[in-house]
Each structure stands twice: as C-alpha cells, then as structure tokens.
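The values are calculated or read from the model by the stated rules, or taken from the named source; none is laboratory data. Remember, predicted model here, so these are calculated numbers, not experimental data. As a convention, Cβ positions derive from the backbone with ideal geometry for all residues, glycine included, and neighbour counts pool all protein chains shown. Protein only, heavy atoms only, side chains kept; ligands, DNA and RNA dropped before computing areas. Shrake-Rupley method; radii C 1.70, N 1.55, O 1.52, S 1.80 Å.
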Amino acid sequence: MRAMTMRPQLDGRARRAERSREAIVRALFELIGEGDVQPTAQKVAARAEVGLRSVFRHFADMDTLYAELDARVQAEALPLLRDPPTTGSAAERALVIVAQRSAFYEVIAHYKRAGDLGRRRSPFLQRQHGRLVRELRARLLRALPELTRAPESVVEALDVVLSFDAWDRLRVDQRLSRERAAAAIETAVLALVAELPRSAPQKGKGRKR
C-alpha cells in the first residue's frame, strides 16, 4: 500500500518540477526578448511565478537551459533564412541574402547578445556560435558560387560584412535604424560583389533574343 501511495506523490513532484522548469525557460525567453540580456534570478522568479530557490536549482545546469532557449529561438528565426537564392544576377542574389539576414538578425539579436555574454563559460554556446558561423558561410557560398573563383580577400570580406557582428555594430554602436543598417550592408556587399568573376547567365535570366 505504501508503494502505491508513494508513486502518485513522485509523479506529482515530477510534474510540478517540469512545470516550474517550463515557466523558468519561458520567463528567460521573454525577458531576454524584451532586451534584458542578463536577467537576474529575482526577475526570472518573479516572471515565472516560482520560488527563488527553484530558479537557482535549475540555473545550476545552464547549458541545458541554453539548449532549451536555443531551440525556441531557432524555431522562430530559422524560417526567415529560407533556402539561398540560386537565380538572378550575383548582385540580385546578394541583395536577397542581405534582406534575409537583416530579418534574421533582428529576431535573434537579444538572444545572440545574451549568448555572447555567456559563451566563454558555456561549451554549448561555443558550439552553437560555431555552427551558426559555419551555416551562414555555407549559405553564402551556395547562393554565390562565383565565390569559388574569387580572391580570398573578397570571400572573407563578404563573410564578415554579412555577419551578425557587423549588423550588431551598425545597430548598437552606430545607432542606425534597421533600414539604414540594411542600406549600409547593401552598399558594402554590392561593392564586393562587383569584384566577383563574371559567370554565365542564371537560368531564366538569359539575354532576351
């Protein structure tokens, strides 16, 4: 009889712990999304409506919390990147990339800043940062295959101009609006694309007869 009564109690505790954890992750997601990139445990507890001890208990495993936050951010932001454009001139394809990344960076900005603050102490955040850098570079190379024949300096310059770091510098340090930041990136990208080797016309974009 004792074993039968203990099991529901254990199940109830597990469900309460899971609800508490979900509330904490949701509170973190909301607070960071509002611009508080380093919310205190007190703020998280207040937003999640849980005890401070519960927050500290879950915060002991930060990488697991980071992973849950990252999954939420990816679900919201990754669809904005879509597949890299493969038709049109190099300049047209480059402008599509700028537009996609502008939208993507605006969604992830607060979370990326929060992640950068914790990256030195978090193996998970270090791995995720590396994956993002590699994925964005791979998308750039797929959209602009001309880069395989371009000078290395042009490739590296395009990669950095289209990075989150460049976007964040324009938005935060130089205090540009989203539109002005995108215009600045477009100017730099088009200047670099003009240095690319010319390729055959893209499908559907050939010269009219």
Is it true that some residue in segment 72-83 is crowded, with 17+ Cβ neighbours inside 10 Å, small (Gly, Ala, Ser) and under 17 Å from Phe29 (Cα atoms)? yes
Please go through segment 27-71 and pick out each residue that is of a type in the set (A, V, I, L, M, F, W, C), surrounded by 13 or more Cβ atoms within 10 Å (Cβ to Cβ) and part of a loop (DSSP other than H, G, I, E, B). Val37, Val50
Can you find even one residue in segment 48-61 that is within 17 Å of the chain's Cα centre (by Cα) and in contact (Cβ under 8 Å) with a residue 24 or more places away in the chain? no
Any residue in segment 171-186 that is over 16 Å from Arg113 (Cβ atoms) sitting within a Cβ distance under 6 Å of a residue that is open to solvent by less than 40 Å² (accessible area, probe 1.4 Å) and not aromatic (Phe, Trp, Tyr)? List the pairs, counting only those 6 or more apart or interchain. Leu176/Leu170; Ala182/Ser102; Ala184/Leu170; Ile185/Val98; Glu186/Val98
